[in-house]
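To start, the structure under review is shown below, and the notes come after it.
The values are calculated or read from the model by the stated rules, or taken from the named source; none is laboratory data. Please read all numbers here as calculations on a predicted model, not as lab measurements. So basically every Cβ, Gly included, is an ideal-geometry build from the backbone, and we count neighbours across all protein chains shown. These area figures cover heavy atoms from the full protein model, side chains too; ligands, DNA and RNA do not enter into them. Shrake-Rupley method; radii C 1.70, N 1.55, O 1.52, S 1.80 Å.
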Amino acid sequence: MKTLKSYVVGAWRAGSGAGTALENPATEAPIAVLGTEGLDFAAVLEHARARGGPALRALGFRRRGELLKALAGALHKHRDELLDLSIENGGNTRSDAKFDVDGATGTLAAYAELGKGLDERGFLPDGEGVQLGRTARFWGQHVLVPRSGAAVHINAFNFPAWNMAEKMACALLAGVPVIEKPGTPSALLAWRMAEIIVASGVLPEGAFQLLCGSAGDLLQHMGPQDVLAFTGSSTTGAALKGHARLVGCNAHVNLEADSLNPALLAPDVEGDAPAFDLFVANVALDMTQKAGQKCTAVRRIAVPEDRVGEVVDALKGALARIKVGDPSLADVRMGPLASRAQLADVRAGIARLAAEAEVVLGGPAPLFERGYFVAPTLLVARPGARAVHEHEVFGPVATVVPYSGEPEDAIALANQGGGGLVASVYSNDAAWAERVVLGIAPWHGRVWIGGDRVAEQALPPGMVLPLSVHGGPGRAGGGEELGGLRGLAPYLQRTALQGFQGFVAGAFGAPGAG
Ligand code: NAP
């Protein structure tokens, strides 16, 4: 069995304890062990700050963008091997695996592209200069400078490749060295990617480190120039946000947590409209892609009361076409959940939802003798159901919530989730859609609008794109990632410069402003 070592302080190091075993979730066969016991976490942070940071910052933005391109290329060369590992350890179908692995290289490449347009100086001018004094002689200019600490990235188990790459892309382009910690159950893929990254020699020493296993007491050693970017459950996120050391030193913290993403079907969308087919296809995709283990997957399906039967029939039809089983087989469209713990959580979650809803498809019963499989499960909420707005079941599970069709009710229903990553709205009625979009926007980091006119071209709402912001308020963590150059923000300090215009504008303004 493989031992997955961590890459820290310039070497691959194994933990000292027995470690945690990783499994193939389709067969329950053990694959590897990993652990970080005995590692010196303070030294890991110091290595990043003392070696990686200065070396990265010396390169400038544009050159760092070129490094991202080289990393994307190095990883892409091993695409087939990475897809196989994702299938083996993540329970992913090949299509799920591509979503993660190609999403990772695609995001690195997208940020490489953004880097081409950036300043070669060691900072980015932030906006125009402004007159501060009686005359233009006393001048102000904001600049963004790389923080001089390390970026600690704690990632969720469901996207070991993409989650690491999207965080890395932003931090490295900004000039901040990274310490990546994948979620333990599916760490095999991130570990192999790290091997490829290290072997490629693309990054200066100290710019990239990997922890395979627990984060130990890493956070205890973080300082005011360090950044923590976390993706995972809202419970863990809240605990990390309140970590005494991080609160004490005001290290920048970005949280990406869970979300009860709503899909809102407007009453104007008839059953024969392209927007209706789009709605059904997207909901069925979200429920089954990666066995529903996607932070952006639809959990609540708002349907006008008089359309519930029609929608349930359409979704049942679409879900019946999804073959569940061994994800390494070409005709299988949905694999198992990623771990035994995940299976127990999902079964318990379905039972909780079912106390206030009718299960119209699937349910918590075991599907096969081996492996962590659960059936696509569709429920219809009873009036007054609360759990559907409070509890994320991180599996192939969604609940139809009947509503009146009025925009105000759609807004209230969507916002009852307490803050989400993405809400999808299906309507061809511009007045209805405009009202709903503005009503739900404060509670959602992204609002996706589907209608007949985009039915042919729209990318699904569950897909996170590097040029659009990812994150959301409230239970979704209150953080923000990606969104083009906005994604660099956590890693840059905004500083207001004030002084003689000739100097401030010449040295720090937009090129040509002096
Ligand atoms: P999790 O249990 O909260 O764990 C997330 C990460 O935090 C893992 O790497 C975990 O490490 C680590 N962790 C747990 N306790 C920690 C502690 N005390 N100190 C430092 N690190 C700690 O979440 P998960 O089960 O991996 O992921 C599923 C959840 O993530 C779902 O709720 C999903 O909605 C959410 N998610 C959100 C997004 C988003 O972008 N907003 C994306 C994907 C997933 P170990 O694995 O070693 O315990």
| query | Rounded to the nearest whole Å², what accessible area per residue is found for the range 261-465 with the 1.4 Å probe? | reply | 40
| remark: If each K or R counts +1 and each D or E counts -1, the residues other than Tyr111 whose Cβ falls under 13 Å of its Cβ total +2
| note | Here, the chain modelled as identical Cα point scatterers in vacuum has Debye log10 I(q)/I(0) at q = 0.06 Å⁻¹ of -0.29
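Sort the following peptides by mean Cβ neighbour count (other Cβ atoms within 10 Å, averaged over residues), highest first: 493-500, 417-424, 429-436, 216-223. Intermediate results must be reported in sequence, preceding the final value.
Working: 493-500: 13.5, 417-424: 26.0, 429-436: 16.2, 216-223: 18.1.
Final packing ranking: 417-424, 216-223, 429-436, 493-500.
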| query | Given Lys5/Lys167; Lys2/Lys294; Lys98/Lys323, which pairs have Cα atoms separated by over 23 Å? | reply | Lys2/Lys294
| What ranking do 182-188, 74-80 get when scored by the average of other Cβ atoms within 10 Å per residue, highest first? | 182-188, 74-80
| Which percent, to the nearest 5, of DSSP beta bridges fully inside the range 261-465 are antiparallel? | 15
| query | Sequence-distant or interchain residues sharing an amide H contact under 5 Å with Ser424, placed H: which? | reply | Ala263, Leu264, Trp448
| note | Between Thr231 and residues 5 or more places away or on another chain, the pairs with built amide H atoms under 5 Å apart involve Ile154, Asn155, Ala156, Glu256
| Rounded to 5, the percent of DSSP beta bridges in the range 389-485 classed as antiparallel | 25
| message | In the range 50-91, whose amide N lies under 20 Å from the spot 7 Å out along Cα-to-Cβ of Arg121? List them in ranges. | response | 56-65
| field | Dipole-positive endmost among Leu22, Thr296, Gly53 within the chain (Cβ charges, Cα centre) | value | Gly53
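For Glu358 and Glu390, FRET efficiency with R0 = 22 Å and r from the beta-carbon atoms, rounded to 0.05?
0.75
If packing is taken as the average number of other Cβ atoms within 10 Å across a peptide's residues, how do 120-132, 390-402, 301-313 rank, most packed first?
Values: 120-132: 15.3, 390-402: 23.7, 301-313: 18.3.
Ranked by mean Cβ neighbours within 10 Å, highest first: 390-402, 301-313, 120-132.
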| field | Degrees, to the nearest 10: 187-200 long Cα axis against longest axis of the chain | value | 30
| Whole-number percent relative contact order across the range 261-465, with pairs defined as alpha carbons under 8 Å at least 6 apart | 29
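If each residue of separation counts as 0.36 nm, what is the full-extension length gain between Asp313 and Glu195 once their alpha-carbon separation is subtracted?
Numbers: separation 118, 0.36 × 118 = 42.48 nm, distance 4.74 nm.
Additional length available on full extension: 37.7 nm.
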| Helix 340-354 axis, angle to the chain major axis (alpha carbon atoms, nearest 10°) | 50
| message | Starting from the 7 Å offset along Cα-to-Cβ, what nm value, one decimal, do you get for the label separation of Gln416 and Ala496? | response | 4.4
| For Arg340 and Trp12, what is the calculated FRET efficiency with R₀ set at 35 Å and r taken between the beta-carbons, to the nearest 0.05? | 0.80
| query | Where does helix 274-288 land angle-wise versus the long Cα axis of the chain, in degrees 0 to 90, nearest 10? | reply | 80
| How much length, in nm to one decimal, is gained on full extension between Ala348 and Ala320, taken as 0.36 nm per residue of separation minus their Cα-Cα distance? | 7.8 nm
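Tell me, what is the percent relative contact order of the chain, built from C-alpha pairs under 8 Å that lie six or more residues apart?
Values: 1214 pairs, mean separation 93.3, N = 514.
Across the chain, relative contact order equals 18 percent.
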| task | Keeping the other protein chains in place, figure out the carbon and sulfur percent of the accessible area of the chain, with a 1.4 Å probe. | result | 54
| remark: Excluding residues fewer than 8 positions from Lys77 in its own chain, the aspartates and glutamates with Cα under 15 Å of it are Asp102, Glu195
